[in-house]
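For reference, the structure discussed in these notes is given below.
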Amino acid sequence: MQEEIKDLNKKPLSIKQYLIVGSMLFALFFGAGNLIFPIHLGQLAGANWIPAALGFLISGVLLPLLSVLAISITRSKGVYDIAKPLGSGFAIIFLVLVHATLGPLFATPRTASVNFTVGIQSFIPHQYVQIGMFIFTAIFFIATFLLAYKTSSILDSLGKILNPLFLGLLFLSFLLAFIHPMGSASTQAISASYQHASFFNGFLEGYNTMDALAGLAFGVAVVSAVNVLGKINPKSNANATAKAGFISESLVGIIYIILIWIGATSLNLFKISNDNGGTTFNQFMGHYLGATGHALLATLMTLTCITTAVGLASAFAQDFNKHFPKLSYHQWLGLNCIVSFIIANAGLNLIITWSTPVLMFLYPFAITLILLSIFSPLFKRDKAVYMTTIIFTLIPAFFDMLVSLPPMISHLSFIQDLIKIEQNILPFANIKMDWILPAIVGAIIGLIIYKSKNKH
């Protein structure tokens, strides 16, 4: 029983210990994508950047923290355990979808493509951009494979040096942006989709960070770090994780707010970028720090992105080797790096175009599983509660995926007919939040079933 587990360390954790765990959480969540999506959101929202930022903070900051707490409260060891109450079959499918999204299909190739777009591309003549990306991504993923082949403390030490340097460069540019702003955020144009639903669009934009999924996949590392500090009771572990998470996510939140504001002010000088913020971030750094800023950014971003890629690639290989042992860790790792290299060369825009519908389908399940896990002590992780909630979430999540598919598919007549039917039946379908009410109804039905079983 959870109540019978006593902490090895009954003293409160020190500030230094909280900072150590907090920095680990920050490294877990903050990557290249976390720089470009907020600044792009600011450009889209314009004068409505504040409500858009609030929505983004919920899905990009609060949800990732809750995902780590879900791991702690349920004493899970990763994605599979979080979904296990629904049965081993569903848990395997969910694990494959999450790790494929974080791994070779989207997040891992994005570490290279964002890095190239933001840090390297400005140094290469336009006619050589494609070959430049090919060479860069080949070197990038060879380095990723070699570093992840046998992980060592060297990479962790490198991250401890590089992250502060990168943050220092980032906050220097932030300081310059405050002293000499590019324009007034409150007077900038608002794109059509952000004129009436800026909060919800900001919330959906936060899906692109994939941090809630990352929390489910890698949160066990943070929980284990708190265990090492002597907090092994689930309640005290979750409490310590929450406090450390508040430290790290406060920093992430501050960075997001500043980047969203910068994105809005940038409209005074630059057009909305067509690559989801990569070009704008490059323009922003060049505006304040010139060629020196570009060179520093390229160097630091390349090194920090490799550390992120190594973490994603090794986690993918470890979990897939555990559940599909016919291939070794090194074989899964090599497969991941090869596929990531191929997809990275498709370009950042194409990666984001196809990742969006997958995230629109996957995130409602992740959110419901996170919340069910956090409240699971109330119903002892009963399968009925999980099952009814997920079943009621399935159909609207599927329709949200259809709406988000590229126009060449989503504009097909039979898909448009299905979407119209769904939008006439489900509330909030027009803002892609139609899964919320069905999920609540499913949870209520599951709780009624659970209570009735207990009475009998």
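Where a number appears in this text, it was derived from the coordinates with a stated rule and is not lab data. Owing to the predicted nature of the structure, the values given are computational and were not obtained by experimental measurement. Here the Cβ positions follow ideal geometry from the backbone for every residue, glycine too, while neighbour counts run over all protein chains shown.
In order along region 49-58, the phi-based Karplus estimate (6.51 cos²θ - 1.76 cosθ + 1.60, θ = phi - 60°) of 3J(HN,Hα) comes to 5, 5, x, 5, 5, 4, x, 5, 5, 5 Hz; Gly and Pro are listed as x.
Rounded to whole numbers, the Karplus 3J(HN,Hα) couplings from phi for region 168-183 are x, 5, 5, 6, 4, 5, 4, 4, 5, 5, 6, 6, 10, x, 6, x Hz, using 6.51 cos²θ - 1.76 cosθ + 1.60 with θ = phi - 60°, and x at Gly and Pro.
Which length gain, in nm to one decimal place, applies between Ile440 and Leu19 when the Cα-Cα distance is subtracted from 0.36 nm times their residue separation? Before the final figure, lay out the partial values.
Numbers: separation 421, 0.36 × 421 = 151.56 nm, distance 3.62 nm.
Difference between extended and current length: 147.9 nm.
As a proxy for reagent exposure, ranking Ile338, Ile262, Ile82 by other Cβ atoms within 10 Å from fewest up yields Ile338, Ile262, Ile82.
Each residue of region 327-334 was assigned a 3J(HN,Hα) from its phi angle through the Karplus curve 6.51 cos²θ - 1.76 cosθ + 1.60 (θ = phi - 60°); the sequence is 9, 6, 3, 5, 5, 5, 4, x Hz, with glycine and proline shown as x.
Excluding Asn208 itself, what net charge comes from residues whose Cβ is under 15 Å from its Cβ, given Lys and Arg +1 and Asp and Glu -1? List each step's numbers first, then the result.
On the way: positive: Arg110, Lys432; negative: Glu205, Asp211, Asp275, Asp400.
Here the charged neighbours net out to -2.
Just to be sure I follow: if Rg is taken over the C-alpha atoms of region 7-345 and Rh is the Kirkwood radius over the same atoms, what is Rg/Rh?
0.97
The ranking of His126, His196, His40 from fewest to most other beta carbons within 10 Å of each one's beta carbon is His126, His196, His40. The calculated FRET efficiency for Leu335 paired with Ala242, based on their beta-carbon distance and R0 = 41 Å, is about 0.65.
A crude spin-label estimate for the pair His126 and Gln423, with each label 7 Å from Cα along the Cβ direction, gives 3.7 nm.
For region 350-456, the relative contact order works out to 37 percent when only alpha carbon pairs closer than 8 Å and six or more residues apart are counted. Using 0.36 nm per residue and subtracting the Cα-Cα separation, the extra length available between Ile342 and His323 on full extension is 4.4 nm.
What is the sum of charges, Lys and Arg at +1 and Asp and Glu at -1, for the other residues whose Cβ falls under 14 Å from the Cβ of Arg381? Please report the intermediate quantities before stating the final value.
Working: positive: Arg75, Lys84, Lys380, Lys383, Lys453; negative: Asp81, Asp382.
With Lys, Arg at +1 and Asp, Glu at -1, the net is +3.
Go through Lys16/Lys432; Lys77/Lys453; Lys11/Lys380; Lys322/Lys380; Lys150/Lys383; Lys10/Lys453 and tell me which ones have a Cα-Cα distance over 31 Å in this structure. Walk me through the numbers on the way to the answer.
Details: Lys16/Lys432 42 Å; Lys77/Lys453 29 Å; Lys11/Lys380 29 Å; Lys322/Lys380 27 Å; Lys150/Lys383 39 Å; Lys10/Lys453 38 Å.
Violating the 31 Å Cα-Cα cut-off are Lys16/Lys432; Lys150/Lys383; Lys10/Lys453.
Quick one: grab the alpha carbon gyration tensor of region 230-371, order the square roots of its eigenvalues as a ≥ b ≥ c, and give me rounded if a/c is under 1.5, else prolate or oblate depending on whether a/b is larger than b/c. Oblate.
Each of Asp211, Asp7 was scored by other Cβ atoms within 10 Å of its Cβ. Listed from fewest to most, they are Asp7, Asp211. Taking every C-alpha pair closer than 8 Å and separated by at least 6 residues, the mean separation divided by the residue count of region 7-345 gives a relative contact order of 43 percent.
In the chain, the calculated helix contribution to ellipticity at 222 nm averages -24500 deg cm²/dmol per residue, counting -39,500 (n - 2.57) for every DSSP H run with n ≥ 4. Extension gain for Ala192 to Asn349 (0.36 nm times residue separation, less C-alpha to C-alpha distance): 54.5 nm.
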